[in-house]
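Here's the structure we're looking at; comments come further down.
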Amino acid sequence: MHHQGLIEDRIIFAALSGYIAPGERLGEKEMSEIFNVSRTLVREAMIRLQARGIVEVLPRRGWFVIEPTVEEARQTINARRALEVGMLVTLDRVSPEQIATLRKHVMAEREALEQNDRARRSYLLGHFHVCLAETIGNAVLGSLLQDLTTRTVLIAALYQSSHDAHESCHEHADIIDALENGNPDEAARLMDVHLRHVEKALNYRDITDRVKNLRSALQNGPKQ
């Protein structure tokens, strides 16, 4: 039995991992076979993803992963900057447990970088921001950032260069250091710089390594 959010989760995971690209067609019939559910359930999931700004419907052509312009991308990142910098500035205190959760995430990022696992690396680097919001912010911020982060990754086209990815990972670690040292203002400043770097990377598109087949793109979800 598939829980209601599975289709959305898989599509978001596949987008964050670079398995599905901007502009990719998501056929209802094909997805109902992949997930072994009715087309009605697929359509409901697509409508929810459309509301979240991840897919769009084109009349008589079906569902597609959004393909944002660079300008829309900049607006998305500016929305993230407002939320994420604001979240850090307004922070009271961060517990050692919260720091440990965030460190664990950055360790997973490092592992994916070392193993040159591009899909996992892409997913984790994007998901750090969701993890941060859920850990030190709240559930509302977490879900907003999940959608905004997925849109950014779809935009930022799918692959950061290895250099960008290493830089992102270091910057994530520095943000946690500042939080651990009781300096949320410095963490906020570092986040601002980090998101500017993410924005700069928007101009490069390299979608060479994509999975060509929707079934293999959607069969896996994130490893917890």
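Only the coordinates and a few stated rules stand behind these numbers; no lab work does. In this text, all values refer to a predicted model and were calculated from it rather than measured experimentally. Here the Cβ is made from the backbone with ideal geometry for all residues, glycine too, and neighbour counts use every protein chain on show.
Using only Cα atoms, tell me the angle between helix 70-89 and the longest principal axis of the chain; keep it within 0 to 90° and round to the nearest 10. That works out to roughly 40 degrees. In a simple Cβ point-charge model (Lys, Arg +1; Asp, Glu -1; nothing else charged), the range 70-203 has a dipole of about 260 debye relative to its Cα centre.
Given their separation in residues at 0.36 nm each and the Cα-Cα distance between them, ARG43 and ASP92 gain 13.4 nm when the chain is fully extended. Quick check: the angle from helix 162-180's long axis to the longest principal axis of the chain, C-alpha only, nearest 10 degrees? On a 0 to 90 degree scale, this one is about 50. Comparing Cα centroids, the range 171-203 and the range 1-71 end up 31 angstrom apart. Three principal axis extents describe the C-alpha atoms of the chain; from largest down they are 53, 34, 33 Å.
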